[in-house]
Every structure is written in structure tokens, then in C-alpha cells.
1. Setting aside same-chain residues fewer than 8 positions from Lys159, which lysines have a Cα under 19 Å from its Cα?
2. List the equivalent ellipsoid semi-axes of the stretch 32-139 in whole Å, largest first, each obtained as the square root of 5λ for an eigenvalue λ of the Cα gyration tensor.
3. From the gyration tensor of the Cα coordinates in the stretch 155-286, what semi-axes in whole Å does the equivalent ellipsoid have, largest first, with each one equal to sqrt(5λ)?
4. What is the spin-label model distance, in nm, from Lys117 to Arg274 if the labels are put 7 Å beyond Cα along the C-beta direction?
5. Round to the nearest 10 and give me the degree value, 0 to 90, for the angle of helix 95-104's Cα axis relative to the longest principal axis of the chain.
6. For the stretch 186-251, state which trypsin sites (Lys or Arg not before Pro) are in a DSSP loop and have at most 16 other beta carbons lying within 10 Å of their beta carbon.
7. Tell me, what does the Kirkwood hydrodynamic radius of the stretch 1-69 come to in angstroms if you use every pair of distinct C-alpha atoms?
8. Once the mean 1/r over all distinct Cα pairs of the chain is inverted, what Kirkwood radius in angstroms do you read off?
Amino acid sequence: MKVGIVGLGLIGASLGLDLRRLGYGVVGVARRQDTCRQAVAAGVVDSGSTDFEGLKAVDCVFVCTPIAAIAPTVAAIAPYLSPETVVTDVGSVKQAVVQSASHHWPRFVGGHPMAGKTQAGLAAAEPGLFAGRAYVITPLDQTPKDAVAQVAAIATDLKAEVHHCSPEAHDRAVAWISHLPVMISSSLIQACLREPDQAVATLAQQFASSGFRDTSRVGGGNPELGLMMARYNQLEVLRSLHHYRQQIDQLTTLISNEDWTALSQWLEQTQQARPNFVPPEAPSPQ
Ligand code: NAP
């Protein structure tokens with residue numbers, strides 16, 4: 001099978017590395033010739049181009065641009081594709097993207113591999129990024145079943161765990177476990193920057209270890225990604241932030257009232273609940 005990848009950044013290039021290793025033919029499209037050359041040299045694509053001509057011969061196109069550019073890219077490539085070509089994307093928000101992109105291409109299938117890194121760009125690409133991670137596919141009622149099956153088959157080849165749900169359910173679920181964490185994590189870093197005593201601020205930076213590394217990681221990532229999450233999933237991000245603020249208020253009250261029993265129950269509940277979201281890991285030093 002031959003695939004096209006438009007946007008050779010972290011996700012697009014990581015896909016290319018895996019798909020080529022699996023024996024797919026990979027045609028890359030980037031905005032700059034220099035990116036195409038780098039992608040070929042890094043083994044990310046078989047061939048790269050700054051125009052869409054090469055997409056004529058592919059079975060499936062992955063649009064891996066920033067969220068704002070996904071639907072316009074689908075519109076731009078549509079005249080070059082054969083009618084049977086499946087187009088999918090990897091955007092972190094689905095409702096706005098899927099509605100608009102499906103309008104431009106009826107065989108569009110929304111997708112979101114739940115895998116990423118703090119770094120962006122082609123140089124950060126790594127093989128096996130999607131293995132063992134959820135890969136969410138978000139068809140509309142009218143999305144052709146064979147197109148959905150094709151994207152699911154490729155995701156399965158990547159050793160990802162395939163899930164299907166509506167774009168709305170996706171956006172609500174990822175607000176909790178992906179978009180809200182970015183907002184909380186960035187707020188944590190912002191709060192630390194508010195320490196008025198410079199000597200204490202410096203000590204905090206020197207003392208920061210694994211606990212801070214874990215909790216600040218997504219807040220210290222690609223700013224464009226967080227901005228797009230907030231802009232394109234605004235309602236769900238606001239809803240989750242509202243609930244989160246209620247929890248912060250409750251926590252503040254417990255500590256102010258020195259209600260150590262209730263605080264202990266609160267922390268026991270979160271300790272028990274965490275494995276429902278992420279598998280237990282080996283204990284690490286705080
Ligand atoms: P990235 O590393 O910044 O790569 C984005 C790529 O898109 C770059 O190659 C860039 O090309 C290209 N691009 C930027 N603006 C464009 C435009 N207007 N038109 C065409 N191409 C454009 O970002 P990424 O992390 O791979 O994210 C790409 C997509 O994956 C996003 O939709 C994001 O929501 C989704 N996603 C990200 C993660 C994550 O954790 N990073 C996880 C899952 C899904 P140039 O090299 O020319 O600038």
C-alpha cells in the first residue's frame with residue numbers, strides 16, 4: 001500500500017518511519033524543499049515534494065499539519081486525489097476538524113494517535129511512537145465503512161490500540177486527560193514563576209526533580225499545540241477547567257480547615273483511581 005503524509009513534523013515523520021519499516025511506500029509533502037530533503041535523508045519518506053502531484057497515486061493520505069491547517073489542507077489536496085483515496089488526519093481535536101474536512105472529502109476519516117513528545121519537528125521523530133498507545137478513530141454516520149476499516153488496519157499495523165467513538169465523545173474525553181493537563185501543567189509553571197523571593201525561586205529550580213518533571217512536562221511542550229487545543233476544543237476545555245477549579249477550591253478549604261481526615265480520604269481516593277487511567281508503574285523517588 002502507498003500512503004501520503006502531508007506535514008513532516010513530529011507526528012508525520014514518526015508515522016513515516018514506522019510505515020516505511022512496515023513496507024508501505026511513503027510519499028511526503030512539506031512546505032519547504034529543505035524539509036523534504038531531510039525527510040528522505042532520515043528515512044522518513046521514500047520521496048518528498050512541496051506540491052501535491054505525488055498524492056495522485058496513493059491509497060491513503062495522513063494530514064499531519066497543525067490543527068488549524070488540517071481542513072484547508074484537505075480542501076487543497078482534494079483536486080489531486082483519485083476518488084477511492086482515503087484521507088485521515090492526526091489532529092488532537094476532532095469535532096471541528098471532522099465536520100469541515102468531511103465536507104471537502106467524503107472519504108475523510110478523523111483519527112488521533114494518543115502519542116506525543118515535548119519536542120516538535122522532524123528531528124524529534126522516533127520509531128515505534130504509536131505502539132501500545134490508543135489510536136482513536138472518529139467517523140461520522142455517513143463516513144464510508146471501508147475507509148474507516150482502512151485507517152484502523154494501518155493503525156493496527158502500527159501496533160496501536162484502536163478505538164472508535166464520535167468526534168464529540170473524543171473531544172470531551174481528551175479534554176480531561178490531555179487538554180486539561182496541558183492547562184494545569186502550564187499553570188503550575190506560571191505559579192512557580194510568581195515566587196517573589198529570587199533566592200527561593202533559584203532554590204526551587206535547583207531542587208526540581210522527578211515529581212516536577214512529571215507534572216510540568218506537558219505544560220512545557222509545544223505552545224502551538226496547547227493553543228490549538230484551547231481554540232478548537234474551547235467548550236470542553238472550559239468545562240473541564242471549571243470542574244478543576246471546583247476541586248482546587250475544595251482542596252483549599254480542606255487544608256485551610258486543617259481537615260486532615262478528609263484530605264487523607266481525598267488522597268486515598270486519587271491513589272486508588274489513578275490506575276484506571278494509566279497502568280501502575282514502578283515507584284520512583286519524589
Ligand atoms: P510539528 O512537529 O510542529 O509538525 C507540524 C508540521 O506541519 C510541520 O512539518 C510543519 O511544516 C507543518 N505545517 C505547519 N503549518 C502548516 C501549514 N499551515 N500548512 C501545511 N503544513 C504546515 O507538530 P506535531 O506535534 O507533529 O503535530 C501535528 C499534528 O499532530 C497536530 O494536528 C496535532 O494536534 C497532532 N498531534 C500531536 C501530538 C503531540 O503530542 N505532538 C500528539 C497527537 C497528535 P514546516 O516544517 O514547514 O514548518
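1. By straight Cα distance, Lys159 reaches Lys2, Lys117.
2. Details: eigenvalues 93, 75, 30 Å².
Working from the Cα gyration tensor, I get semi-axes of 22, 19, 12 Å.
3. On the way: eigenvalues 156, 83, 67 Å².
Calculated on Cα positions only, the semi-axes equal 28, 20, 18 Å.
4. Here the modelled spin labels are 2.5 nm apart.
5. Result, in degrees: 10.
6. Sites meeting the loop and neighbour criteria: Arg194, Arg217.
7. Details: mean 1/r = 0.0878 Å⁻¹.
One over the average 1/r among Cα pairs gives 11.4 Å for the stretch 1-69.
8. 20.6
Here, each number is a calculation from the coordinates, and none is a lab measurement. Quick caveat, the model's predicted, so the values are computed rather than measured. Virtual Cβ from ideal backbone geometry, glycine too; neighbours counted across all protein chains shown.
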